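Take a look at the structure set out below.
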Amino acid sequence: MNDLRNAAPTPGGSLDNASTAGPDGGRPGPRPGVATVILLLVMILAATAVSYSPVLFNFFAGDDFVHLTWLKDAIKNHELIWRNFHSSWLDGTTTRFYRPLISVFMVSDYALWGLDGLGFHLTNLLCHLASTTLLFLIVRRLAGDGEPGATRWALVSAALFGLYPLHPEAVSWITGRVDSIVTMFCLASLWSYMRWRAGGGWPALAASLLAMALGLASKEMAVTLPPLFACYELTVNSSRTAPAGGRSWKRLALAVAAATAPFWILLGAYFLVRRLALGTFVGGYDDSLFFVSNFKLFLGGWVHGIRMLLVPLNKDLMGAHHLVTRVWEVALAASIAGTVAVSVLRSRMRPALAFACLWLVLSLVPVYKIFAIADDLQGSRLAYLATVPLAVLLSAAAALAGMPAAGPFARRLGRAASAAAIVLVVTAGIALFMNNQAWRQAGMTSNAIRAALADLYRELPGDPQVLVIGLPDNIHGAYTCRNALWGMTKSPQLFRDVKNCLMLDRFEPILPFGHMKRSILEARDDVHIYRWAEAARKFLPVTLSDTAPANADAQPGESAPPLKAMLSPLDKKATSFTWLPDGSLAARGGDGVAGRPEALVNTGATPAFAIDFVAVQVAGAGPGANGKAGFDLLYSNDLSPDYDLARRAHCDLPDGKSDGTLIFPLRGLPEWSLGGRSRGLKLCLPDRSDLVIKRVSVVSAQDLVPRLDFDHSGVLGSKGFIHLSTAEPGKELRFDVSRIAGAERASLAITRPNILFESQNPEREGRVTMKRIELGTRDGIIRLERGMFPSAGVYQVRLWALDGNGRTRGVGSDHLVVSVDS
């Protein structure tokens, strides 16, 4: 039997075993009684609920509307619910996940609350509070019920996890419940496992297996449980059950295998079910375990993600110099120092700390390919499970407060550790409340957009093609309209179903907006365009005749005005600009002075719709020109008057080149093209640039972009989408590169499944291309067949113009989207 020192409470009501002296000798300090501990735990849960109070009102946001359209049908047709148990979640084709239990939770909420989002939010919060309580129980067992400071450690761990500022995306966003639900079941399984290994008998084992099964049916993160239990055996349990003389690694390995065998068997059964349901063991976004398109970006994303995991403050709301940020960083450093001190001073806690470290690593393994947390905390739900062991580690210093009084140093260290833990928890609560303000704003804006859509369609008869520009994808990182408009325009969200309302984002990685541009102009009398006016909280019409010339190709050609008429340098300390005798503009980087040199590009009052590409010829580019920042072209128009780095086209010089022509593609940016008159562009050079700008010109799309289309592919047709199925296994595409200078043949590029091209109309091919099909001629017809695509999913295709040596000419064509059924 395991020696967990799980003695009964003393007559005084202590939750700790008061008969155990501290490892340093001396007498343990006073410990709270049962009633006090329960009261403190209730206060922690109450404080957590208060921190989430800003989002407890009736609203849905982002992907929530995808679920609402499904729920409306699922509540009537229960087969849609059961289908999640034997096929991809929500019948997904672009992604393959096995998460049937999430749909059960959603249906239950819909049955209880209907369209009142408050009920959905309460479910999310209750799951989070349940995880907070389970963590308290786990840490008490992890530390050992008789250990001095175990209850304090457990309480601070629960408080820090409950109030951790990284959690709003997983708790405040209804769709984010995927992570909070799987975490709840993982913690329930771990707690039951620990009880079983402490002598709890078969009921505890059955509870652990059941919780793991429910976790696996919620999200893939639960696959970490069997290795987590093995880590528990190797660290905590082995240190408590090993005989005095220790035991061999062979005996230990056999003991671990015997203890965890039922969970490995369950995991194997899960993968078998997953294979039968999804047709793959992997699934996910791209059905690939190891493919990474850009390792440098991947590594940078991980580094930044870990930084945000440790300092989870929304930088859109709180800057780096905000008081809360500073206090958090100081308290974080003190807590880490306290954890190190615990590992040094209390040898009996080292196995528990080692287990928490291994747990932290394991919790990040399932998301290693997509782990990235933005400054505004987008993507933070991926680290929700990881914050459980992180809270355990950061709060370990609280155990020092219960350390036996072995001397003045120990007492001072214990008091300092307690103060650091309290400051960290209090700061977490304040930061969490502030981070939740983003979701509060997103909810209010989402409700306003829904009301404005109702007003719009009361005045707009029928279901004409409507394009909407300017809707917020997110507000300070809180998803608002991402994947939302389809659900917002369906009953019961709207008083009637609307199918032809399309949201155009500032950068549209899926929708082929560039391909649609010509047809938008041709169908101007049949297409209604509106922009969202945030201040007025309503939709305002955009008149296309005031936005674009009569011919979409009637754009300024290569003949450009003198450079001095085009460029207005914004001199900074980092650079001095000099006009050279030949009319070129030299930018000389300053030594050791940071800052990107900038110059305004004068485009006159040209309609933004007419400017698809801007070419900038540079020469003698120094080391800074290939720096991290690259070249950016920021835009300003009637819709977006302020220059913002989020509204830009990006370009880099090829590696090893010191000069060349940079082509900035604006064609695929709806907020630029449909933004009215151009107010100018801002050219941002790399840090400390040392180069000469020789020429700036606006280039016609017909001189750069290969033509790739098919019948009825415009805005009133398929909008650039192709669907290959059993009923229609092939599709003919027309291609033409004859207008591209130097082009002698064409080549068609196809992405990997469910992976998008990194950018639109680039000069060079990216890393996500799965295959190229050489077409051999400059124009003609190619037939896409299902056999060209290895599996079901969504692909993108684009055309390239090649010269006689196989080098690309011009830029990549506007992409098309291919959906392939299984």
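The values are calculated or read from the model by the stated rules, or taken from the named source; none is laboratory data. Only a predicted model underlies this, so the values are computations on that prediction, with no experimental measurement involved. Heads up, the Cβs are rebuilt from the backbone with ideal geometry, glycines too, and the neighbour counts pull from every protein chain shown.
The set of residues from segment 668-707 being of a type in the set (K, R) and surrounded by fewer than 22 Cβ atoms within 10 Å (Cβ to Cβ) comprises R677, R679, K682, K694, R695, R707.
One line per residue, one yes/no per condition, for (1) modelled with pLDDT of 85 or more; (2) farther than 27 Å from F664 by Cβ:
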{"site": "G487", "(1), (2)": "yes, yes"}
{"site": "D497", "(1), (2)": "yes, yes"}
{"site": "M503", "(1), (2)": "yes, no"}
{"site": "F507", "(1), (2)": "no, no"}
{"site": "Y530", "(1), (2)": "yes, yes"}
{"site": "A533", "(1), (2)": "yes, yes"}
{"site": "S545", "(1), (2)": "no, no"}
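Looking only at segment 677-699, how many residues end up being over 17 Å from F613 (Cβ atoms) and in contact with a Pro (Cβ under 7 Å, 6 or more places away or on another chain)? Within segment 677-699, residues that are over 17 Å from F613 (Cβ atoms) and in contact with a Pro (Cβ under 7 Å, 6 or more places away or on another chain) number 4. Could you say whether any residue in segment 765-772 is under 26 Å from V699 (Cα atoms), surrounded by 14 or more Cβ atoms within 10 Å (Cβ to Cβ) and not hydrophobic (A, V, I, L, M, F, W, C)? The answer is yes, given that some residue of segment 765-772 is under 26 Å from V699 (Cα atoms), surrounded by 14 or more Cβ atoms within 10 Å (Cβ to Cβ) and not hydrophobic (A, V, I, L, M, F, W, C).
Within segment 94-128, the residues that satisfy the criterion of being over 20 Å from L80 (Cα atoms) and either surrounded by fewer than 19 Cβ atoms within 10 Å (Cβ to Cβ) or not hydrophobic (A, V, I, L, M, F, W, C) (or both) are D116, G117, L118, G119, H121, L122, T123, N124, L126, H128. The requirement of being in contact with a strand residue (DSSP E or B) (Cβ under 6 Å, 6 or more places away or on another chain), of a type in the set (S, T, N, Q) and either under 30 Å from V392 (Cα atoms) or in the same structural domain as L400 (by TED's automatic domain parsing) (or both) is fulfilled nowhere in segment 116-126; no residue meets it. Looking across segment 624-636, just one residue is more than 26 Å from the chain's Cα centre (by Cα) and at pLDDT 90 or above, and that is S636. Residues that are within 22 Å of A438 (Cβ to Cβ) and of a type in the set (V, I, T) within segment 368-399 comprise I370, I373, T387, listed in sequence order.
Yes/no per residue for (1) outside any loop (DSSP other than H, G, I, E, B); (2) buried (at least 16 other Cβ atoms within 10 Å of the Cβ); (3) outside the structural domain of G717 (by TED's automatic domain parsing):
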site: A452; (1), (2), (3): yes, yes, yes
site: L471; (1), (2), (3): no, yes, yes
site: P492; (1), (2), (3): no, no, yes
site: M516; (1), (2), (3): yes, yes, yes
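Return the total of residues in segment 261-309 being in a helix (DSSP H, G or I) and either out of contact with any Pro (no Cβ under 7 Å at 6 or more places or on another chain) or modelled with pLDDT under 95 (or both). Here the count works out to 30.
Note on segment 337-385: residues that are crowded, with 20+ Cβ neighbours inside 10 Å, in a helix (DSSP H, G or I) and not aliphatic (A, V, I, L, M) total 7. Scan segment 197-218 and tell me whether some residue there is part of a loop (DSSP other than H, G, I, E, B), in contact (Cβ under 8 Å) with a residue 24 or more places away in the chain and buried (at least 24 other Cβ atoms within 10 Å of the Cβ). There is at least one residue in segment 197-218 that is part of a loop (DSSP other than H, G, I, E, B), in contact (Cβ under 8 Å) with a residue 24 or more places away in the chain and buried (at least 24 other Cβ atoms within 10 Å of the Cβ). Taking the criterion of being of a type in the set (F, W, Y) and farther than 17 Å from P464 by Cα, the residues of segment 490-530 that qualify are F507, F513. Candidates in segment 71-95 are the residues that are aromatic (F, W, Y) and over 23 Å from the mean Cα position of the chain (by Cα); of these, the one that is modelled with the highest pLDDT is W82. Among the residues of segment 790-811, the ones that are assigned to a strand (DSSP E or B) and either loosely packed, with under 14 Cβ neighbours inside 10 Å or of a type in the set (V, I, T) (or both) come to 3 in all. If the condition is being in contact (Cβ under 8 Å) with a residue 40 or more places away in the chain, in a loop (DSSP other than H, G, I, E, B) and more than 29 Å from the chain's Cα centre (by Cα), then segment 655-688 contributes D659, G676, R688. Inspection of segment 430-437 finds a residue satisfying the criterion of being at pLDDT 95 or above, surrounded by fewer than 22 Cβ atoms within 10 Å (Cβ to Cβ) and polar (S, T, N, Q).
Those residues that are more than 20 Å from the chain's Cα centre (by Cα) and loosely packed, with under 15 Cβ neighbours inside 10 Å, I need them from segment 304-336; list them, please.
Answer for segment 304-336, where residues must be more than 20 Å from the chain's Cα centre (by Cα) and loosely packed, with under 15 Cβ neighbours inside 10 Å: G319, A320, H321, L323, R326, V330, A333.
The set of residues from segment 185-197 being closer than 14 Å to T260 by Cα and not charged (D, E, K, R) comprises S189, L190, S192, Y193, M194, W196.
Residue-wise test of (1) touching a Gly at 6+ places or on another chain (Cβ under 7 Å); (2) among the β-branched types (V, I, T); (3) modelled with pLDDT of 85 or more; (4) over 25 Å from D652 (Cα atoms).
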site	(1), (2), (3), (4)
A554	no, no, no, yes
K564	yes, no, no, no
W579	no, no, yes, no
G583	no, no, yes, no
V601	yes, yes, yes, no
G622	yes, no, no, no
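Which of the following residues is closer than 21 Å to V601 by Cβ and at pLDDT below 90: G680, G676?
G676
Name every residue in segment 163-192 that is over 14 Å from H128 (Cβ atoms) and either in contact (Cβ under 8 Å) with a residue 40 or more places away in the chain or charged (D, E, K, R) (or both), in order of residue number. Matches in segment 163-192: T175, L190, W191.
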